[in-house]
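Structure record follows, encoded as structure tokens.
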Amino acid sequence: MTSPNSSPTAGSAGSVLEIRGLHVSVGDGANGEDTKEILKGVDLTVRAGETHAIMGPNGSGKSTLAYSIAGHPKYTVTAGTITLDGENVLDMSVDERARAGLFLAMQYPVEVPGVSVSNFLRTAATAIRGDAPKLRTWVKEVREAMSGLKMDPVFAERNVNEGFSGGEKKRHEILQMQLLKPRIAVLDETDSGLDVDALRVVAEGVNTVRETGEVGVLLITHYTRILRYVTPDFVHVFVDGRIAEEGGPELADKLESEGYEAYGATGSASPAAAVV
């Protein structure tokens, strides 16, 4: 097994997201607001075809990593680098990061009243691809992806995330990932709030993308239950803004049985706490 934090070899195929010495803070000190460092030196390499699971207790910095990669303005990178195929991600705007091939499935997707799912998806695809998809081909592509995610065709005419259940929101996120075909997909607690049936469908959608071998997946989760369906190549344990341990799928099994207390994260929920 290749070390998850080793540098890519020359001539290696596929995209590579490299994170080196990343420090991230929230709060700018204005109006008496405190500035707090969340990430305290993160090193991580994600290659196309690999799936990395980021696990850790609440407040450990997992979501901060996701939003820092995507360019959320709330988070300030104070040190370190993020590159995608050698290009400086930190110099890119949010939309430039998306066009470069970075995708974020948010833990709490926002509602977009007045914009239908079908219009949203085609507009996003046009922005990513540079040209509007041919309508006949696009409709077929969307229908096939929705069918695989067990989504009713009328879903496409609903307003984005408006009145969606938690499972519908997560399926919509995976639908976007399948259609936009990113280089690196960051999935922030995609399993959050899903029942067993929805979890399996979402996991199958993730696996469909993984099986292409063209996408690197960074899967952020508290619990091991999604890892029963999406087997990671690497598992990284986040504690207090740092990676405390790294390993293969067997590390997730260890976390399920022992929790995070071994890393000094006392009082944190065990990964096995979620009831399936």
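Could you pull out every one of the helices (runs of 4 or more DSSP H) wholly within the stretch 62-169 that has 1 or more residues that are without any contact (Cβ under 8 Å) to a residue 24 or more places away in the chain and surrounded by fewer than 17 Cβ atoms within 10 Å (Cβ to Cβ)? If you could, list the steps in order and put the result at the bottom.
Values: elements: 62-70, 94-100, 117-129, 135-148.
Because the criterion is at least 1 residues that are without any contact (Cβ under 8 Å) to a residue 24 or more places away in the chain and surrounded by fewer than 17 Cβ atoms within 10 Å (Cβ to Cβ), the helices (runs of 4 or more DSSP H) in the stretch 62-169 that meet it are 94-100, 117-129, 135-148.
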For the stretch 249-260, which positions are of a type in the set (Gly, Ala, Ser) and in contact with a Pro (Cβ under 8 Å, 6 or more places away or on another chain)?
Ala252, Gly259
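Hey, which of the strands (runs of 3 or more DSSP E) in the stretch 185-276, taking only ones fully inside, have at least 3 residues that are touching a Phe, Trp or Tyr at 6+ places or on another chain (Cβ under 8 Å), modelled with pLDDT of 95 or more and farther than 15 Å from Gly59 by Cβ?
Output list reads 242-247.
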Residues located in the stretch 177-200, provided they are within 22 Å of Asn159 (Cβ to Cβ) and crowded, with 21+ Cβ neighbours inside 10 Å:
Met177, Gln178, Thr190, Leu194
Those residues of the stretch 162-180 which are out of contact with any Ser or Thr (no Cβ under 8 Å at 6 or more places or on another chain), within 28 Å of Ser15 (Cβ to Cβ) and not hydrophobic (A, V, I, L, M, F, W, C), in sequence order
Lys169, Arg171, His172, Gln176
Residue set Ala156, Ala124; condition in contact with a Ser or Thr (Cβ under 6 Å, 6 or more places away or on another chain) and either more than 22 Å from Asp195 (Cα to Cα) or among the small types (Gly, Ala, Ser) (or both); output residue Ala156
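The values are calculated or read from the model by the stated rules, or taken from the named source; none is laboratory data. Everything numeric here is computed off the predicted structure, so don't read it as measured data. Heads up, the Cβs are rebuilt from the backbone with ideal geometry, glycines too, and the neighbour counts pull from every protein chain shown.
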